[in-house]
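S.K.: The structure that follows is given in the form of structure tokens.
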Amino acid sequence: MDDPRIHLVEENLLSQFEILADSGHVTRLPDEDVVAFRRDLPFPLFNAISGARFAPGTAGERTRELVAGYLERGNGLLWWATPSTMPPEADVALRSLGIHPSPEPGMHRTMAGEVDSGRTPPGLAIVETEVDEVLADVLAEGFGFPAFVVEPMRAAMASISSGVLFHVLATLDGRPVGGGSGFLSGPDRRTLGIYNITTLDSARRQGIGRAVTAELMRLGRERGCTDAVLMASQLGRPTYERLGFVEVCQTPQYVWAPST
């Protein structure tokens with residue numbers, strides 16, 4: 001039996017891929033059976049594949065064919081899988097190339113009921129913001145991205161309409177310490193996808209990530225969202241579970257990073 005919550009997770013993630021692929025900040029490949037794009041930056045985030053809808057019996061061959069182009073260019077690869085877009089043959093092909101998945105639960109909760117932001121430190125403020133250099137720097141530092149990624153990432157995010165993508169910045173005593181993003185999907189934009197939740201090392205274990213997530217949910221509810229979805233890291237999963245999210249599927253990432 002199909003779980004509609006899985007559809008919401010997939011739809012949100014794949015909608016983002018479609019928008020980024022057509023943003024002009026990457027080059028979209030012409031393949032019609034997959035969403036694939038690349039850029040001459042040695043970083044997997046800008047060289048990515050998702051949404052594979054391969055013809056029956058072709059998944060293994062098509063996977064090896066696609067990946068070969070990325071390996072040849074040497075800029076890395078992110079293949080972000082969802083339940084309906086990762087046939088077993090594609091998984092086998094990726095593993096045979098030495099590209100193994102990192103488990104990542106796709107999680108869901110309805111927007112009904114209260115959202116408990118938990119205990120937060122004095123001096124914490126979370127505000128909605130544009131994608132400026134401050135937010136980009138916080139996200140890059142929080143995720144450990146190299147410096148050359150900051151401006152391309154900021155520009156790509158800023159090119160997406162604020163009607164579907166919005167952001168918050170967390171400050172502690174006026175110092176930027178965290179942030180996150182919300183992405184709206186579905187015919188009426190009723191699904192909130194929660195992304196980019198990060199806290200700087202110096203401010204972790206104080207409930208800031210939970211508070212940022214709760215604020216994104218509050219803003220999503222103001223925009224009429226009825227469901228929230230996210231793809232959780234191992235570190236973040238306990239926080240999301242405390243906020244009422246439950247795992248409904250797996251959305252593993254297959255990542256190949258170029259040697260430096």
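Read the figures in this text as sums done on the coordinates, not as results from a lab. Everything quoted here is computed from the prediction, not taken from an experiment. Note: ideal-geometry Cβ built from the backbone for every residue, glycine included; neighbour counts use all protein chains shown.
S.K.: Give the residues of the range 60-90 that are touching a strand residue (DSSP E or B) at 6+ places or on another chain (Cβ under 9 Å), under 23 Å from Glu10 (Cα atoms) and surrounded by fewer than 20 Cβ atoms within 10 Å (Cβ to Cβ), sorted by residue number.
M.R.: Leu78, Pro83
S.K.: Could we say that Met86 is farther than 21 Å from Thr239 by Cα, within 24 Å of the chain's Cα centre (by Cα) and hydrophobic (A, V, I, L, M, F, W, C) here?
M.R.: It is true that Met86 is farther than 21 Å from Thr239 by Cα, within 24 Å of the chain's Cα centre (by Cα) and hydrophobic (A, V, I, L, M, F, W, C).
S.K.: Quick one: in the range 189-199, of everything that is within 16 Å of Thr239 (Cβ to Cβ) and not β-branched (Val, Ile, Thr), which residue is surrounded by the most Cβ atoms within 10 Å (Cβ to Cβ)?
M.R.: My answer is Asn196.
S.K.: Does Val149 satisfy the criteria of being in contact with a Phe, Trp or Tyr (Cβ under 7 Å, 6 or more places away or on another chain), hydrophobic (A, V, I, L, M, F, W, C) and outside any loop (DSSP other than H, G, I, E, B)?
M.R.: Spelling it out, Val149 is indeed in contact with a Phe, Trp or Tyr (Cβ under 7 Å, 6 or more places away or on another chain), hydrophobic (A, V, I, L, M, F, W, C) and outside any loop (DSSP other than H, G, I, E, B).
S.K.: A further question on this structure: Take the range 8-24 and flag every residue that is within 14 Å of Arg190 (Cα to Cα) and surrounded by fewer than 18 Cβ atoms within 10 Å (Cβ to Cβ).
M.R.: Hit for the range 8-24 is Glu11, nothing else.
S.K.: Which residues, counting only those in the range 150-164, are closer than 19 Å to Met217 by Cα and in contact (Cβ under 8 Å) with a residue 40 or more places away in the chain?
M.R.: Val164
S.K.: Pull out all pairs, ordered by first then second residue, where Cβ-Cβ is under 7 Å, the residues are six or more apart or on different chains, the first lies in the range 215-228 and is in a loop (DSSP other than H, G, I, E, B), and the second is of a type in the set (A, V, I, L, M, F, W, C).
M.R.: Going by the 7 Å Cβ cut-off, the qualifying pairs are Arg223/Leu184; Cys225/Met111; Cys225/Leu184; Cys225/Leu192; Thr226/Met111.
S.K.: Sticking with this one: Please work out if Asp137 is assigned to a helix (DSSP H, G or I) and either touching a helix residue (DSSP H, G or I) at 6+ places or on another chain (Cβ under 9 Å) or of a type in the set (D, E, K, R) (or both).
M.R.: yes
S.K.: Out of all the residues in the range 104-112, is one or more closer than 21 Å to Ala228 by Cβ, surrounded by fewer than 16 Cβ atoms within 10 Å (Cβ to Cβ) and not basic (Lys, Arg)?
M.R.: The answer is yes; a qualifying residue exists.
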